[in-house]
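Here is the structure we will look at.
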Amino acid sequence: MTIQLSFSKDENELLPDFRNKISKAESTEDVKKVFAQTTGQLLIRIFGDKLKTEYEDIKLNPEALNRAPAFTVAEHLKSRTDFMEIWDNSDLPHVVGRLAQTAQNRFKHLEKHPEKTNAKIRM
């Protein structure tokens, strides 16, 4: 029997700040940036200094917005057995998926209403 790890506590601690930043995002680029920053924070919480993380190790994938998952994991992470062991034996993919779903919704909204972004740029 495999042990299933859970990172929902970490998700719940990051979620209020993530939602706040996503709701204030003024462009689709802001949404991608907030998603990358939050998933980076999540990886740091989980792996600490055991894993060197880089910006956009897990990034929102706008080309897959109508498909799941709407994010991509960097190849250098997929090639690490310590990362894949956690990824395969935990709820981490689901946690990242929920964050991606929230980011996806904001991304789609901003794409449909570019006038809001343009109005803020002109101010």
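For segment 1-67, GluC sites (Glu not before Pro) are listed when DSSP marks them as loop and at most 14 other Cβ atoms sit within 10 Å of their Cβ; the list is 26, 54.
Cα-Cα over 28 Å: which of 33/78; 50/108; 52/112; 9/52; 9/112? Distance filter (> 28 Å) returns 50/108; 52/112; 9/112.
What does the C-alpha gyration tensor say about the overall shape of segment 5-54? Classify as rounded when a/c is under 1.5, otherwise prolate if a/b is larger than b/c, or oblate. Cα axes put segment 5-54 in the oblate bin. Once backbone amide H atoms are built at 1.01 Å from N, residue 90 has 5 as its partners under 5 Å, excluding neighbours fewer than 5 places away on the same chain.
Across the chain, Cα pairs under 8 Å and at least six residues apart give a relative contact order of 33 percent. Long hydrophobic helices in the chain: the complete DSSP H runs spanning 15 Å or more by Cα along their own axis with mean Kyte-Doolittle hydropathy of at least 0.0 are 28-47.
Based on DSSP H segments of at least four residues, each scored -39500 (n - 2.57), the chain has a per-residue ellipticity at 222 nm of -20500 deg cm²/dmol.
What dipole magnitude, in Debye to the nearest 20, does the chain give about its Cα centre under +1 on Lys/Arg Cβ and -1 on Asp/Glu Cβ?
Its charge dipole is roughly 540 debye.
Loop-located chymotrypsin sites (Phe, Trp or Tyr not before Pro) in segment 15-113 (DSSP state not H, G, I, E or B) with no more than 11 neighbouring Cβ atoms inside 10 Å: 55. The Cβ shell under 14 Å around residue 69 holds other residues with a net charge of +2, Lys and Arg each +1, Asp and Glu each -1.
Backbone N atoms of segment 20-42 closer than 20 Å to the 7 Å Cα→Cβ label point of residue 72 belong to residues 28-41. Restricting segment 1-97 to trypsin sites (Lys or Arg not before Pro) that sit in a DSSP loop and have at most 11 other Cβ atoms within 10 Å of their own Cβ leaves 52, 67. Of the labelled options (i) 110; (ii) 119; (iii) 94, which one gives volume of the Cα convex hull per residue in Å³ as computed for this structure? Computed from these coordinates, volume of the Cα convex hull per residue in Å³ corresponds to label (i).
Remark: the Cα gyration tensor places segment 51-94 in the oblate category, a/c being 1.5 or greater and a/b not exceeding b/c.
Values in this text are rule-based calculations from the coordinates and carry no lab data. Since we're looking at a predicted model, the values are computed, not measured. Ideal geometry is used to build each Cβ from the backbone, glycine not excepted, and the neighbour counts take in all protein chains shown.
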